[in-house]
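Chemist: Dumping the structure here so I can ask a few things about it.
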């Protein structure tokens, strides 16, 4: 028969949070999920609206992602782990979410190709781990990576993709540092060809990692972000994790 003290210790140990999915994340509360609102948004039992940090699910896979997410969290408590920012502009909580069996929800969706990494400059912890998991699904052509709409694009395709979020992969034709801004150009004419802009603040993130962007000519890179028009199509980086150097010098 359990004594009152023993019962108390059992209760304490049974409520210990699961391990964080990435180093540096801050443990938060453990709470039940009331419903899945969309493929990256949960309503929690305490009234919190929670956004899954660092991912999004494009429309091409949203229905399947919604079902998978619902099956994963049904009748189960979840533990929250926070990065640098705990809420977004709409005052929704933003966190990484782990089930009681250690399943990391972001990883589960990424691994099946039901989400892709979509990170922000103020919430970068865990992005490297998620990129590695995303790569498994992309290499296998799972989920969103099997559709032209959401698969990796070439620089030549970007003029038709303005004002959309894309993952673009190609070979840098020229790397130029102009007054502290680094321009990675993917064609002979920077006025019309695809370019990646690395502002000084983001360039310094690469400098701290001892990555010299000026030597990326003829190197293959993968970038993700919103394609805008500035001369030709361009993605401007807000943080270093948006750029993956595929054959680093």
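The values are calculated or read from the model by the stated rules, or taken from the named source; none is laboratory data. Since this is a predicted model, take the numbers as computed values, not measurements. Positions of Cβ are backbone-derived with ideal geometry, glycine not excepted, and every protein chain shown enters the neighbour counts.
Chemist: Of all residues being modelled with pLDDT of 95 or more and not in a strand (DSSP E or B) in segment 162-180, which is nearest to residue 115 (Cα to Cα)? Just the residue, please.
Modeler: 163
Chemist: Give the residues of segment 45-63 that are out of contact with any strand residue (DSSP E or B) (no Cβ under 8 Å at 6 or more places or on another chain) and farther than 15 Å from residue 149 by Cα, sorted by residue number.
Modeler: 47, 63
Chemist: In segment 164-188, which residues are over 19 Å from residue 245 (Cβ atoms) and in contact with a strand residue (DSSP E or B) (Cβ under 7 Å, 6 or more places away or on another chain)?
Modeler: 164, 165 - these are the residues of segment 164-188 that are over 19 Å from residue 245 (Cβ atoms) and in contact with a strand residue (DSSP E or B) (Cβ under 7 Å, 6 or more places away or on another chain).
Chemist: When you look at residue 34, is it closer than 24 Å to residue 132 by Cα, in the same structural domain as residue 110 (by TED's automatic domain parsing) and either over 20 Å from the mean Cα position of the chain (by Cα) or modelled with pLDDT under 95 (or both), yes or no?
Modeler: No.
Condition check ((1) part of a loop (DSSP other than H, G, I, E, B); (2) at pLDDT 95 or above; (3) under 30 Å from residue 108 (Cα atoms)) across all residues:
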residue	(1), (2), (3)
150	yes, yes, yes
182	no, yes, no
190	yes, no, no
205	no, yes, yes
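Chemist: Which of the residues that make up segment 17-31 are surrounded by fewer than 18 Cβ atoms within 10 Å (Cβ to Cβ), outside any strand (DSSP E or B) and modelled with pLDDT of 95 or more?
Modeler: 23, 24
Chemist: Can you pull out the residues in segment 78-91 that are at pLDDT below 95 and farther than 28 Å from residue 145 by Cα?
Modeler: 89, 90, 91
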